[in-house]
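Heads up, the thing below is written out as C-alpha cells.
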Amino acid sequence: MSKRMYGQVCPIARSLDVLGERWTLLIVRELLLGPRRFKELLTLLPAMGTNRLAERLQLLERSGVVHRRALPGASDVRAYALTAYGERLRPLLIQLAAWGSELPLDDEIDPGTVRAELIALHLAEQCPPDAAHGPHETYQFQVGDEVFHVSTDDAGVHARSGPAPAPAALVATCDLATFDALTRGTVTPAEAVSSGALTTTGNTGALTRAFEILRHRTPATTA
C-alpha cells in the first residue's frame, strides 16, 4: 500500500486517496471553468511545479476524474477536462467555496491571487435555482486581462473561461476592483457605467440581470 493511501474502506478515506493531496482540488477547481492545457494549469498554479502537476493529473486520469480531449477547432491540441464522474465534484467544491468564504483571511494570503473568473464561478454556481427561469442568455466579461462568460439555461447558471461561444447579450469591461464592488453591491451597474469604470455593449436589462446573478449573498443564519 502506498504511503499516500489511507488503506480504509471508508468512502471518505477513499475519496481523499484521490483528492486529498495538496493542489489536487485546485486543479479540479480550474477545470470547473472548462478544459485547460497543461501549460495553462501550470500558469494558473505556478507554485505546483511541473513534476507535481504531472503527477496529480496522472492520478486524476487513472481515477476517472479527468481525461484529455481535443479542443474545439484544434484537433491537434489536447487539453484536460473533467469527465462526467469528475463533474459530480462541482456541487461539492461550490459548497466548499461557500463554507470557506466565511473563514477569516490571514496575513499570509496573497491578494494578488484574486481572479474575477473564480469570483464569477463561485457566485454563479451558488445562484438560486429561479435565476435560470429568466431569459436564457450569455454575458461576457473582460476584467483586466481575464476574459470569461456566464450563461443561463434550463440546467442553471454556469461560469466558463474564455469568450462566449455565441453572441452575448452583454459584453462588460472593467477592472478587478470595479468587478468586485459590483458583485458586492457597493456600486451599482448604473453608477459604474456613469463613472466610466464599466463599459458595456448590450441592453440595460441584460446588465441588471448579469449582476443580479453575480452578487454576494449573506449566508443564511440559524436560530
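Can you pull out every residue in segment 170-201 that is touching a residue at least 40 places away in the same chain (Cβ under 8 Å) and either among the hydrophobic types (A, V, I, L, M, F, W, C) or over 26 Å from Pro91 (Cα atoms) (or both)? Show your work before the answer.
First, the residues of segment 170-201 that are touching a residue at least 40 places away in the same chain (Cβ under 8 Å): 170, 176, 179-180, 183.
Correct list: Leu170, Leu176, Phe179.
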**Tally, over segment 21-47, of residues that are outside any helix (DSSP H, G or I), touching a residue at least 12 places away in the same chain (Cβ under 8 Å) and in contact with a helix residue (DSSP H, G or I) (Cβ under 9 Å, 6 or more places away or on another chain)** = 5
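Here is a yes/no grid of residues against (1) at pLDDT 95 or above; (2) touching a strand residue (DSSP E or B) at 6+ places or on another chain (Cβ under 7 Å); (3) of a type in the set (A, V, I, L, M, F, W, C):
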| residue | (1), (2), (3) |
| --- | --- |
| Tyr6 | no, no, no |
| Glu21 | no, no, no |
| Leu42 | yes, no, yes |
| Leu45 | no, no, yes |
| Leu60 | yes, yes, yes |
| Leu71 | no, yes, yes |
| Ala74 | no, no, yes |
| Arg78 | no, yes, no |
**Request:** With respect to Val77, determine if the residue is in contact with a Phe, Trp or Tyr (Cβ under 9 Å, 6 or more places away or on another chain) and of a type in the set (Val, Ile, Thr).
**Result:** no
**Prompt:** Can you find even one residue in segment 70-85 that is part of a helix (DSSP H, G or I) and out of contact with any helix residue (DSSP H, G or I) (no Cβ under 6 Å at 6 or more places or on another chain)?
**Reply:** yes
**Request:** Just one of (1) more than 23 Å from His216 (Cβ to Cβ); (2) surrounded by fewer than 19 Cβ atoms within 10 Å (Cβ to Cβ); (3) of a type in the set (A, V, I, L, M) trips up Ala98, so point out which.
**Result:** (1)
**Item:** Lone unmet requirement of (1) modelled with pLDDT of 95 or more; (2) assigned to a loop (DSSP other than H, G, I, E, B); (3) hydrophobic (A, V, I, L, M, F, W, C) for Leu105
**Value:** (1)
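The values are calculated or read from the model by the stated rules, or taken from the named source; none is laboratory data. Note that the structure is predicted; figures quoted are calculated from it, not measured. Cβ: placed from backbone, ideal geometry, glycine included. Neighbour counts: every protein chain shown.
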